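Data first, discussion second: the structure below is written as structure tokens.
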Amino acid sequence: MSTGARGSLVGALTTKLHKLTWGVRAVGVRHTALGATRLAMLAVRRPARSEVRLRSGGLVSFENPSQRAPALVVFGDVIDPELILLRRVLAPDSVLIDAGAAIGQFTVVAGQTPGTTIHAYEPSAANLESLRRNVALNGLTERTVVHQAALSSSEGTATFRTTANSFLSGLDDRGTRGPDGDIETVPVHTLTSELSRLGLEQVDVLKVNVAGYEAPVLEGAMPVLERGGVDLLIVLIGSEVVPVLQRIAGLGYRFFFFDPYSVALHELDRVDMDTLNRPPTPARHVIAIRPHALASGALATIPVSRRGATHG
């Protein structure tokens, strides 16, 4: 096993341990046991659809088993610390872009803040049905625009492969049908062109989680980032996206992990895979914040520390 692969494996195991520890601490042993029992019953009974009531108050409905997320079923929305930060910093007039909305967990949590406007991008027809259902279930129809499209570095169309686990579905460079998935043709846009079309000069939060295609999405957003058009950026961690994150750091954005234990932002000393593989928190995402945004509004109330940013 190569050094890079070994580091990624260690990083993945560390993250899983962090998430399990945090999940149990956040909801308690009793609720963890109840969640684990609920997960087991879903696997045994296999209902076509089920739902999870989030601790933030939202409701997420999903197809079973293709859209069943074990951590979501057991722990609810506390399992991603970035969602806790989101609930603390959103203002009623916030505008959010959810790139890779899937079935809408991020969208539902963001929508719990009254007055927020959300643009949810999801290309998968299978996920879109649940996404639209969840938008409606949570009374977010008037504040949420669902876009049936993928975001990338260029305009056009692409093939999208939907797998048995819908959270692992993504753009398919080969354009071939996989052994456990279906291929569909989807429209592709850049975030820069989409913001221009929507008449948006500024975005408060941009979340990018697109099953390994985060780098092209950020490439397509680079003109917006260069002019400081995004205040807070949440990106799924992966080796392919590191060079783009380093370019974004060069634009002046500061990078953090959010620690739900201390409710603080841990600033990264550097942006590289070694650092990203060793978060001091149960993080799957890294957070980039524009300095002006960090010094104003609700973000200014979140403590910032450099402790633990580069230590496992």
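Taking Cα pairs under 8 Å and at least six residues apart, what relative contact order does segment 43-112 come out at, in percent?
32
The mean of 1/r over all distinct Cα pairs in segment 1-144, once inverted, gives the Kirkwood hydrodynamic radius of 16.3 Å. Taking a sphere under 15 Å around the Cβ of MET41 and counting the other residues whose Cβ falls inside, with K and R at +1 and D and E at -1, yields a net charge of +4. Once Rg and the Kirkwood radius are both taken over the C-alpha atoms of the chain, their ratio Rg/Rh works out to 0.94.
Largest GNM mean-square fluctuation across VAL217, VAL108, VAL242, computed for the chain with C-alpha springs under 10 Å, falls on VAL242. Note on segment 42-87: Kirkwood radius taken over Cα pairs, Stokes-Einstein applied at 10 °C and 1.306 mPa s, translational D equal to 142 µm² s⁻¹.
Rolling a 1.4 Å probe over the protein heavy atoms of the chain, with every protein chain left in place, gives an accessible area that is 55 percent carbon and sulfur.
Tally Lys and Arg at +1 and Asp and Glu at -1 over the other residues with C-beta under 12 Å from the C-beta of SER239: what net charge comes out?
-4
Electrostatic bookkeeping for ARG68 treats Lys and Arg as +1 and Asp and Glu as -1; over the other residues with beta carbon under 14 Å from its beta carbon, the sum is +2.
For segment 203-261, with every protein chain kept in place, what is the accessible area per residue (1.4 Å probe, Å²)? Mind showing how you got there, number by number?
Numbers: 1790 Å² over 59 residues.
Counting only protein heavy atoms, the per-residue value for segment 203-261 is 30 Å².
Taking a span of 20 Å or more along the helix axis (Cα atoms) and a mean Kyte-Doolittle hydropathy of at least 1.6 as the rule, no DSSP H helix of the chain qualifies.
The values are calculated or read from the model by the stated rules, or taken from the named source; none is laboratory data. Since the model is a prediction, treat every value here as computed from it, not as a measurement. Methodologically, a virtual Cβ is constructed for each residue, glycine included, from the backbone with ideal geometry; neighbour enumeration extends over all protein chains shown. Protein only, heavy atoms only, side chains kept; ligands, DNA and RNA dropped before computing areas. Shrake-Rupley method; radii C 1.70, N 1.55, O 1.52, S 1.80 Å.
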